[in-house]
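K.L.:
Structure below; questions to follow.
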Amino acid sequence: MLQAFRYRNDVLHAEGVSLSEVARDIGTPFYCYSTASIEHQYQQFSQSFTGNRVKICYSIKANSNLSVLGTFARLGAGADVVSGGELKRALTSGIQGSDVVFSGVGKTGDEMVDALEAGIMQFNVESEQELAQLAEIAKTRGVTAPVALRINPNVDAGTHDKITTGRVWDKFGIPWPEARDIYRLASNMPGLEMCGIAIHIGSQLTNLEPLEIAFRDVADAVSSLRDDGHNIKRVDLGGGLGIPYHFDPLTLEALDSSPSVESYAALISKATDNLDCDIILEPGRFLVGNAGVLISKVTLLKESRGRLFAVIDAAMNDLMRPALYGAFHEIVPVVSSSAEPEYLDVVGPICESSDVLAKGRRMARPDPGSLLAILSVGAYGAVMASSYNGRPIIPEVLVHNEEYSVVRPRSPIDEAMSIETLPPWLERSFELDTM
Ligand SMILES: *Cc1c(COP(=O)(O)O)cnc(C)c1O
């Protein structure tokens with residue numbers, strides 16, 4: 001079931017808020033998130049892990065709007081960040097530095113300095129070069145950097161090629177036998193505390209088997225590292241738990257099965273219960289993916305050689321996932337429709353053939369001017385938006401019970417242009433032109 005989104009009197013609501021009213025108030029397109037849905041997912045996730053040795057570090061890259069982060073901060077979540085910008089967002093939203101894990105394959109020196117200054121819980125280091133640089137920076141500043149090496153377990157997560165990260169030919173992590181040597185090397189470097197081990201094998205995992213294999217490998221690695229004399233006290237098992245993307249357009253019941261968080265928790269418990277370690281988990285999509293919808297208006301219908309196109313006012317620059325990953329997003333009318341379903345393409349106005357949000361989709365023919373809701377866009381939606389084709393970045397709205405708040409306004413084109421400047425030689429010619 002799609003939490004918190006429901007038809008009431010034939011109008012799609014987010015909690016107690018009518019999405020057609022929000023559209024009337026602020027225009028389209030816009031993203032809308034539900035607080036209740038975020039809270040429900042977080043609680044479902046955290047309650048699956050009994051005992052207090054699991055720290056949930058929300059993977060900020062899924063959705064880094066400050067009010068979404070503030071919602072997580074209030075729930076007691078930590079953060080998994082992959083850049084200095086995300087670190088700043090986490091701290092600004094009230095997440096403690098000591099609850100932050102820093103992941104990523106290419107941290108810069110400046111980012112390391114900022115993270116050390118914030119006193120983060122752990123750097124997940126992905127190469128020997130990065131380790132040496134971090135040691136140098138920490139030593140110079142007279143501090144110790146808590147480090148986990150991210151292992152590449154060489155398992156295929158069996159998800160989309162572009163979001164699989166744990167195979168040897170992916171750029172992520174360090175393969176195991178080499179990693180063991182690097183731990184040995186690192187234990188002699190001042191400025192470092194080798195206190196953990198980390199993995200993340202991919203995203204949108206709908207089959208838990210690759211995770212089970214990877215978790216077992218990590219547990220084995222912990223034993224070996226302890227044999228080598230390292231004080232491993234933390235195991236970071238990454239994120240990646242998949243969510244449903246197919247929903248019944250009328251009841252909004254999930255149609256595809258995603259693994260239950262209970263079975264995921266059972267795997268983790270089985271692999272780590274005997275390790276006497278703190279566990280870090282980095283869920284992103286699971287917590288926010290189905291907490292967001294994108295509301296868009298149908299600009300016109302176009303029929304060409306028997307093919308029907310619904311041209312809408314949202315596009316691939318607002319939601320990249322269909323163009324980037326061939327991702328499927330359910331699309332439903334905001335006001336329920338009794339029109340007979342037919343096959344049509346839902347497309348944006350951008351001058352690219354990849355600007356297709358749904359292809360050959362069987363759905364009720366929408367009227368021009370009517371509203372559509374693109375579902376499951378809470379993760380990897382707004383964060384990937386660009387202003388390609390001179391399009392403004394669209395607003396984000398957060399709902400809480402009967403209330404909603406615009407938590408990021410539409411950035412008008414004038415605002416985007418106002419930060420651009422002309423080089424002196426063009427300014428001169430502009431002056432001439434206007435004389
Ligand atoms: C993207 C990412 C996550 C979150 O993945 P989800 O599939 O959204 O849960 C967690 N950890 C790392 C290192 C990541 O890069």
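K.L.:
Can you name the residue in region 214-247 that is over 18 Å from Gly173 (Cα atoms) and within 22 Å of the chain's Cα centre (by Cα) and, of all such residues, is nearest to the ligand (Cβ to nearest atom)?
P.N.:
Here the residue is Leu241.
K.L.:
Sort out which residues of region 1-12 are under 21 Å from Arg408 (Cβ atoms) and open to solvent by 10 Å² or more (accessible area, probe 1.4 Å), and write them in order of number.
P.N.:
The one that is under 21 Å from Arg408 (Cβ atoms) and open to solvent by 10 Å² or more (accessible area, probe 1.4 Å): Ala4.
K.L.:
Does region 253-284 hold any residues that are assigned to a strand (DSSP E or B) and under 18 Å from Arg361 (Cα atoms), and which are they? Walk me through it before giving the result.
P.N.:
First, the residues of region 253-284 that are assigned to a strand (DSSP E or B): 254, 278-281.
Correct list: Ala254 only.
K.L.:
For region 403-417, enumerate the residues that are open to solvent by less than 50 Å² (accessible area, probe 1.4 Å) and in contact with a strand residue (DSSP E or B) (Cβ under 7 Å, 6 or more places away or on another chain). I'd like the intermediate steps shown before the answer.
P.N.:
From region 403-417, those open to solvent by less than 50 Å² (accessible area, probe 1.4 Å) are 407, 411, 416; that's our starting set.
Scanning region 403-417 gives a single hit, Val407.
K.L.:
What about Gly104, is it without any contact (Cβ under 8 Å) to a residue 60 or more places away in the chain, buried (at least 20 other Cβ atoms within 10 Å of the Cβ), under 16 Å from the mean Cα position of the chain (by Cα) and more than 30 Å from Asn401 (Cα to Cα)? Break it down stepwise before answering.
P.N.:
Working: without any contact (Cβ under 8 Å) to a residue 60 or more places away in the chain: yes; buried (at least 20 other Cβ atoms within 10 Å of the Cβ): yes; under 16 Å from the mean Cα position of the chain (by Cα): yes; more than 30 Å from Asn401 (Cα to Cα): yes.
It is true that Gly104 is without any contact (Cβ under 8 Å) to a residue 60 or more places away in the chain, buried (at least 20 other Cβ atoms within 10 Å of the Cβ), under 16 Å from the mean Cα position of the chain (by Cα) and more than 30 Å from Asn401 (Cα to Cα).
K.L.:
Quick one: in region 219-239, which of the residues that are part of a helix (DSSP H, G or I) and open to solvent by 10 Å² or more (accessible area, probe 1.4 Å) is farthest from Ile268 (Cα to Cα)? Break it down into steps so the answer makes sense when it comes.
P.N.:
Pass one, region 219-239, residues part of a helix (DSSP H, G or I): 219-227.
From what's left, open to solvent by 10 Å² or more (accessible area, probe 1.4 Å): 219-220, 223-224, 226-227.
Values: Ala219: 10, Asp220: 14, Ser223: 16, Ser224: 19, Arg226: 20, Asp227: 22 Å.
Top of the filtered list is Asp227.
K.L.:
Separate question: For region 312-326, name all the residues that are over 25 Å from Ser18 (Cβ atoms) and either open to solvent by 20 Å² or more (accessible area, probe 1.4 Å) or over 17 Å from the mean Cα position of the chain (by Cα) (or both).
P.N.:
Step one: list which residues in region 312-326 are over 25 Å from Ser18 (Cβ atoms), which gives 316-317, 320-326.
Passing the criteria: Met316, Met320, Ala323, Leu324, Tyr325, Gly326.
K.L.:
I want to confirm something. Restricting to region 174-213 and keeping residues that are open to solvent by less than 20 Å² (accessible area, probe 1.4 Å) and in a loop (DSSP other than H, G, I, E, B), which single residue is nearest to the ligand (Cβ to nearest atom)?
P.N.:
Ser203
K.L.:
Has region 285-303 got at least one residue that is in a loop (DSSP other than H, G, I, E, B) and either over 21 Å from Lys61 (Cα atoms) or modelled with pLDDT of 95 or more (or both)? So that I can check it myself, show each step before the final result.
P.N.:
Narrowing region 285-303 to residues in a loop (DSSP other than H, G, I, E, B): none.
So far as region 285-303 goes, no, none of its residues is in a loop (DSSP other than H, G, I, E, B) and either over 21 Å from Lys61 (Cα atoms) or modelled with pLDDT of 95 or more (or both).
K.L.:
Would you check if Gly51 is over 18 Å from the mean Cα position of the chain (by Cα), within 30 Å of Ile174 (Cβ to Cβ) and free of Cβ contacts under 8 Å to residues at least 24 places away in the same chain? It would help to see each step written out before you state the result.
P.N.:
Values: over 18 Å from the mean Cα position of the chain (by Cα): yes; within 30 Å of Ile174 (Cβ to Cβ): yes; free of Cβ contacts under 8 Å to residues at least 24 places away in the same chain: yes.
Judged against the criteria, Gly51 is a match.
K.L.:
Check Lys171 against each of (1) surrounded by 15 or more Cβ atoms within 10 Å (Cβ to Cβ); (2) within 16 Å of the ligand (Cβ to nearest atom) and name the one condition it does not meet.
P.N.:
With respect to (1) surrounded by 15 or more Cβ atoms within 10 Å (Cβ to Cβ); (2) within 16 Å of the ligand (Cβ to nearest atom), Lys171 is out only on (1).
K.L.:
Okay, moving on. Tell me the residue from Ser370, Ser376 that is on the phi < 0 side of the Ramachandran plot and either among the hydroxyl-bearing types (Ser, Thr, Tyr) or free of Cβ contacts under 8 Å to residues at least 24 places away in the same chain (or both), please. Let's see the steps before the verdict.
P.N.:
On the way: Ser376 fails: on the phi < 0 side of the Ramachandran plot.
Unique residue meeting the criteria: Ser370.
Residue by residue, here is whether (1) out of contact with any Asp or Glu (no Cβ under 9 Å at 6 or more places or on another chain); (2) aromatic (Phe, Trp, Tyr); (3) buried (at least 21 other Cβ atoms within 10 Å of the Cβ) holds:
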site	(1), (2), (3)
Lys359	no, no, no
Arg362	no, no, no
Arg365	no, no, no
Ser370	yes, no, no
Ala385	no, no, no
Ile394	no, no, yes
Val397	yes, no, yes
Asn401	no, no, no
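K.L.:
Moving to a separate point now. Being among the hydrophobic types (A, V, I, L, M, F, W, C) and within 17 Å of Gly191 (Cα to Cα) narrows it down to one of Phe72, Phe49, Phe123, so name that one. Walk me through how you get there before you give the answer.
P.N.:
Details: Phe72 fails: within 17 Å of Gly191 (Cα to Cα); Phe49 fails: within 17 Å of Gly191 (Cα to Cα).
After applying the criteria, what remains is Phe123.
K.L.:
Now for a different question. Scan region 73-88 and give yes if some residue there is more than 21 Å from Arg150 (Cα to Cα), open to solvent by less than 10 Å² (accessible area, probe 1.4 Å) and at pLDDT 95 or above, otherwise no.
P.N.:
Yes.
K.L.:
Sticking with this one: Any chance you could count how many residues in region 19-45 are within 19 Å of Asp99 (Cβ to Cβ) and open to solvent by less than 40 Å² (accessible area, probe 1.4 Å)? Walk me through it before giving the result.
P.N.:
Going residue by residue through region 19-45, those that are within 19 Å of Asp99 (Cβ to Cβ) are 38-39, 41-43, 45.
With the extra rule that they be open to solvent by less than 40 Å² (accessible area, probe 1.4 Å), the set shrinks to 38, 41-42, 45.
Summing the residues that are within 19 Å of Asp99 (Cβ to Cβ) and open to solvent by less than 40 Å² (accessible area, probe 1.4 Å) in region 19-45 gives 4.
K.L.:
Then there's this: Working only within region 142-154, note down all residues that are within 15 Å of the ligand (Cβ to nearest atom) and either open to solvent by 30 Å² or more (accessible area, probe 1.4 Å) or not in a strand (DSSP E or B) (or both).
P.N.:
Scanning region 142-154 gives a single hit, Pro153.
K.L.:
Among the residues in region 255-275, are any away from the ligand (no atom under 16 Å from the Cβ), closer than 30 Å to Tyr404 by Cα and modelled with pLDDT of 95 or more?
P.N.:
yes
The values are calculated or read from the model by the stated rules, or taken from the named source; none is laboratory data. Model, not experiment: these values are computed from the prediction. Methodologically, a virtual Cβ is constructed for each residue, glycine included, from the backbone with ideal geometry; neighbour enumeration extends over all protein chains shown. Ligands, DNA and RNA are stripped out before the accessible areas are found, and what is left, the full protein with its side chains, is counted by its heavy atoms. Shrake-Rupley method; radii C 1.70, N 1.55, O 1.52, S 1.80 Å.
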